[in-house]
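The values are calculated or read from the model by the stated rules, or taken from the named source; none is laboratory data. Just so it is clear, the model here is predicted, and its values are computed rather than measured. With ideal geometry, Cβ positions are generated from the backbone for all residues, glycine too; neighbour counts draw on all protein chains shown.
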Amino acid sequence: MENVLDAKIPEGPLAEKWSKHKFGLKLVNPANKRKYDVIVVGSGLAGASAAASLAELGYNVKCFTFHDSPRRAHSIAAQGGINAAKNYQNDGDSVYRLFYDTIKGGDFRAREANVYRLAEVSVNIIDQCVAQGVPFAREYGGLLANRSFGGAQVSRTFYARGQTGQQLLLGAYSALSRQIAAGKVKMYTRTEMLDTVLVDGQARGIVTRNLVTGAIESHAAHAVLLCTGGYGNVFFLSTNAMNCNVTAAWRAHKRGAYFANPCFTQIHPTCIPVSGHYQSKLTLMSESLRNDGRIWVPKTKEDAELIRQGKKSPLDLKEDERDYFLERKYPSFGNLVPRDVGSRNAKYMCDEGRGVGSTGLAVYMDFSDAIKRDGESVISAKYGNLFEMYETITGENPYKVPMRIFPAVHYTMGGLWVDYNLMTTVPGLYALGEANFSDHGANRLGASALMQGLADGYFVIPYTLGDYLATIGPAKVTTDHPAFKQVEQEVSEHISKIMAINGTKTVDEIHRQLGLIMWDYCGMSRTAEGLEKARMEIQKLKNLFWTDLKVLGTHTEMNQTLEKAMRLWDFLELGALMVEDALTRNESCGGHFREEYQTPDGEAERNDDDFAFVSAWKWEGPDKTQTLVKENLQFENVKLSKRSYK
Amino acid sequence: MKLTLKIWRQKSTDTEGRLVDYVVDKISEDMSFLEMLDVLNEDLIKKGEDPVTFDHDCREGICGTCSLYINGRPHGPTRITTCQLHMRTFKDGETITIEPWRAKAFPVVKDLMVNRSSFDRIIQAGGYVSVNTGSARDANETPIGKEIADEAFNSATCIACGACVAACKNASAMLFVGAKISQLAMLPQGQPERKRRAEAMVAQMDAEGFGACSNTMACVAECPKSISMANIVSLNREYIGAKLTSNQV
């Protein structure tokens, strides 16, 4: 192969790679750190932890968020927990086991060295968060409590009721706030990044839009960190927040950063089902519920039909009339199989005609046995807020009747390609957290997103960034450089072009259509035929966007429709790439399930001979086919095996 | 359902605003309140009228972004965030008045969107534990009783939506400030900076133009995260204690 990416993985035994690498990295001496400026885009777990940690070291940080406050990033909505290989439970956990579970959970499509480092620093994250005053759940003796999560047979998940993401984010936000007060971080709220600026091939800044005034502004620095989250909203309906988008990462992609494994998306098995066409988003019910909730559908289609018509209630069905399909098919992991397996099996049940709820697109998650065993008060203490949320949205009481759940788009494993140092293919441009592709392979395990976001921000980038900065030196580029004026002009022209369309379709109408195409053809299961159809449909939508979109108002004021329109265009281009990626990967692995490649009993059939690589896509220009560049995955420590949870 | 909406429209911070009437039809009772506003905005765009600007994001009750004052109450008739409010709470034919938060320290940005950066500045004044990344000791070396950890968690669930301020006739932020001060005062990690924190956060709260506690407990009645009055009691105790025995010289 002519084009192969070098991930710069350090030499040496797996367990020593990170320590050795850290020692080999160049340092910037404390007095010189103040001569360097760093831009951090995004203030979620990855962004806030990176901005705070870099400012503590002495760098001058500028941090950007489109929210009104850095505390509102969507990390805040993570419910269940954060993994760490503390082995506080004495149940056989270790750094190696967390590493192995994550590699296996990702269906052997992640990079060994990165995942090992993630498991290694996981223990420091818990220490750091506790020191910040994060109120994790505790036992009566005062020590930290744990629970188990999908894809693992040990209890290594730390949690704060069903609001772990909130508490961790508020911890990072408090560290960030301290640095803002100290003058080491300048915070820009309601400011959206719209492009990356390269000078002599290096990332030297960004162009932003002030969402209140519409002003287009430039910001220069020695390096740019994108901590801008995932792209699940390409599906329109997802568990992402309404404003989550791919714009920052996508515009960086168009400036030369390769986009890796775009088709690896995670469909989470336990979300509240869609109730109507007006639906704006889907709500997750934490994976932790699967510790006590048993998932089932009626054994017969007839019972399912009666339930759908409202003539029977799930409570009418006796034990032997229920099919606990995960426990039946996967006896050793049961309801705690990884997310991709759980989702796909729920889909199979509904495809068979055994789905419940008025639409037939739901399965039950039942807590009656757990309530009988532990009592309502114990269950309420564990999951009270989730049960309340469910009742608020559906009007049903899950203490009395089983929850109805269905899979929904939740997380994107794909993202900007980064090397071991978290640098993209553009020198000086880094990607952290969900915005990069690096640690979860083809499927992410529960409670690992929080771990990765904080690992990247607190414990990886503070080391690896210094090496780059020491190499380029402190000489500054200012926003007077023609490269900034050029990008500003391109951004302004793009905005003017959108404002001038003056058609009849709203942004949401086109976005909904894109979402349906992606869900039907590039969702839980995919075929070459369907993907080819999606390719044509997306092309049609792209044409519709430029001929018939309607955006009112002006670009020199607060204009939420314009914000959404710009994000939609980037989603349309990304959607097209996801389809190409899914078409190229002729195997099934993790969240990517191609119907042509499955075992007789319907499990994913991976092809390690031909596809043990990362697909990184290089932008070649508008309306040109992007080029596939590969990073071959070397497995030196784990044996590639068929992922079995039976 | 068919509803009449009276919505506050205001072009920008410096312009005058007014209530404008709209009618929405075919509203399902399973819709969330914000989805109902989405429907209105789609209609308005189709008609060529400027859609209503409002803040929202996660739509699952945790980011604290949504901030609508509905029929004279923050987040509407029930004690949940606006995004979790569903139309089944309202009756067909009803008139619903929707305004932004009303407080001097939360100026209107546009229509129903306000600027709550004053909350961020209060946290920046001292709502943290000063611990640099990397200097923490093993998490289990600091045992914290379950009861204390749970209470600290209850205070820490504040989402900084600002409903407490909007509910108070004095636009006081004491519940918000009290929640953070109590959380950290309860935990061993918060002890070294305990007095400094209380003094600095209260000083910033005053500087931002929030009023004094009205003692009506309207904030507690409206808080979507059930932050309790005990947090204000604790704030008063922490502040007075800090003032009397201040470490500041």
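Of all residues in segment A:574-617, those satisfying the criterion of being farther than 21 Å from A:Met536 by Cα and either in a strand (DSSP E or B) or among the β-branched types (Val, Ile, Thr) (or both) are A:Cys589, A:Gln598, A:Thr599, A:Ala604, A:Phe613, A:Val614, A:Ser615, A:Ala616. When A:Arg117 is tested against the conditions (1) surrounded by fewer than 23 Cβ atoms within 10 Å (Cβ to Cβ); (2) of a type in the set (Lys, Arg); (3) touching a helix residue (DSSP H, G or I) at 6+ places or on another chain (Cβ under 8 Å); (4) closer than 18 Å to A:Glu636 by Cβ, the lone failure is (1).
Of all residues in segment B:15-22, none are touching a residue at least 24 places away in the same chain (Cβ under 8 Å), crowded, with 21+ Cβ neighbours inside 10 Å and not polar (S, T, N, Q). Selection of strands (runs of 3 or more DSSP E) fully inside segment A:155-216 by the criterion of at least 3 residues being touching a residue at least 12 places away in the same chain (Cβ under 8 Å), crowded, with 24+ Cβ neighbours inside 10 Å and away from chain B (no Cβ under 11 Å) returns A:191-199, A:202-210.
Of everything in segment A:10-65 that is farther than 13 Å from A:Leu465 by Cα and of a type in the set (Asp, Glu), the residue that is surrounded by the fewest Cβ atoms within 10 Å (Cβ to Cβ) is A:Glu11.
Counting only residues that are among the charged types (D, E, K, R) and in a strand (DSSP E or B), which one in segment B:99-158 is nearest to B:Ile227 (Cα to Cα)? The selected residue is B:Glu99.
Regarding A:Ala442, is this residue at pLDDT 95 or above, surrounded by 24 or more Cβ atoms within 10 Å (Cβ to Cβ), in a strand (DSSP E or B) and among the small types (Gly, Ala, Ser)? Before you say what the answer is, go through the steps one by one.
Numbers: at pLDDT 95 or above: yes; surrounded by 24 or more Cβ atoms within 10 Å (Cβ to Cβ): yes; in a strand (DSSP E or B): no; among the small types (Gly, Ala, Ser): yes.
No, not satisfied.
Remark: pairs (first residue in segment B:215-236, at negative phi; second residue among the basic types (Lys, Arg); Cβ separation under 6 Å; 6+ apart in sequence or on different chains) = B:Pro224/B:Arg79.
Could you tell me whether segment B:43-61 includes any residue that is at pLDDT 95 or above, within 30 Å of A:Gln167 (Cα to Cα) and among the polar types (S, T, N, Q)? Yes, segment B:43-61 has at least one match.
A count restricted to segment A:551-568 and to residues that are surrounded by 18 or more Cβ atoms within 10 Å (Cβ to Cβ) and at the interface with another protein chain (Cβ under 7 Å from one of its Cβ atoms) stands at 3. A:Gly142 fulfils the conditions (1) over 29 Å from B:Lys225 (Cα atoms); (2) touching a Pro at 6+ places or on another chain (Cβ under 9 Å) except for a single criterion, (1). Note on segment A:74-88: residues that are touching a residue at least 60 places away in the same chain (Cβ under 8 Å) and in a loop (DSSP other than H, G, I, E, B) total 8.
Quick one: how many residues across segment A:51-72 are more than 18 Å from B:Gln124 (Cβ to Cβ) and assigned to a helix (DSSP H, G or I)?
Selection size over segment A:51-72: 1.
Exactly one of these conditions fails for B:Tyr22: (1) more than 7 Å from chain A (Cβ to nearest Cβ); (2) within 21 Å of A:Thr283 (Cβ to Cβ). Give me its number. Of everything listed in (1) more than 7 Å from chain A (Cβ to nearest Cβ); (2) within 21 Å of A:Thr283 (Cβ to Cβ), B:Tyr22 misses just condition (2). Under the condition of being under 27 Å from the mean Cα position of the chain (by Cα) and either under 26 Å from A:Gly503 (Cα atoms) or part of a strand (DSSP E or B) (or both), the residues counted in segment B:23-49 number 9.
Applying the criterion of being at pLDDT below 95 and among the polar types (S, T, N, Q) to the residues of segment A:281-308, the residue that is nearest to B:Asp38 (Cα to Cα) is A:Thr283.
Within segment A:578-596, the residues that satisfy the criterion of being surrounded by fewer than 21 Cβ atoms within 10 Å (Cβ to Cβ) and either in contact with a Cys (Cβ under 9 Å, 6 or more places away or on another chain) or polar (S, T, N, Q) (or both) are A:Glu580, A:Leu583, A:Thr584, A:Asn586.
Taking segment A:13-66 as the range and being within 14 Å of another protein chain (Cβ to nearest Cβ), farther than 23 Å from A:Glu217 by Cβ, of a type outside the set (D, E, K, R) and touching a residue at least 40 places away in the same chain (Cβ under 8 Å) as the test, the residues that pass are A:Leu45, A:Ala46, A:Ser49, A:Ala52, A:Ser53, A:Leu57, A:Gly58.
Is one or more of the residues making up segment A:540-561 at pLDDT 95 or above, within 25 Å of the chain's Cα centre (by Cα) and under 30 Å from B:Gln10 (Cβ atoms)? The answer is yes; a qualifying residue exists.
Per-residue answers, yes or no, for (1) facing another protein chain (nearest Cβ under 7 Å); (2) over 30 Å from A:Val460 (Cβ atoms); (3) of a type outside the set (A, V, I, L, M, F, W, C):
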{"position": "B:Pro74", "(1), (2), (3)": "no, yes, yes"}
{"position": "B:Cys83", "(1), (2), (3)": "no, yes, no"}
{"position": "B:Phe90", "(1), (2), (3)": "no, yes, no"}
{"position": "B:Arg116", "(1), (2), (3)": "yes, yes, yes"}
{"position": "B:Val131", "(1), (2), (3)": "yes, no, no"}
{"position": "B:Ser135", "(1), (2), (3)": "no, no, yes"}
{"position": "B:Ala149", "(1), (2), (3)": "yes, no, no"}
{"position": "B:Ile159", "(1), (2), (3)": "no, no, no"}
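Pairs meeting the criteria (first residue in segment A:117-141 and more than 7 Å from chain B (Cβ to nearest Cβ), second residue of a type in the set (Val, Ile, Thr) and surrounded by fewer than 24 Cβ atoms within 10 Å (Cβ to Cβ), beta carbons under 7 Å, at least 6 apart or on different chains) are A:Ala119/A:Val95; A:Glu120/A:Val95. With respect to A:Pro398, determine if the residue is part of a loop (DSSP other than H, G, I, E, B), surrounded by fewer than 19 Cβ atoms within 10 Å (Cβ to Cβ) and at pLDDT 95 or above. Answer is no for this residue. From the list B:Glu35, B:Glu49, B:Glu42, the lone residue that is surrounded by 20 or more Cβ atoms within 10 Å (Cβ to Cβ) and either out of contact with any Lys or Arg (no Cβ under 6 Å at 6 or more places or on another chain) or of a type in the set (A, V, I, L, M) (or both) is B:Glu35.
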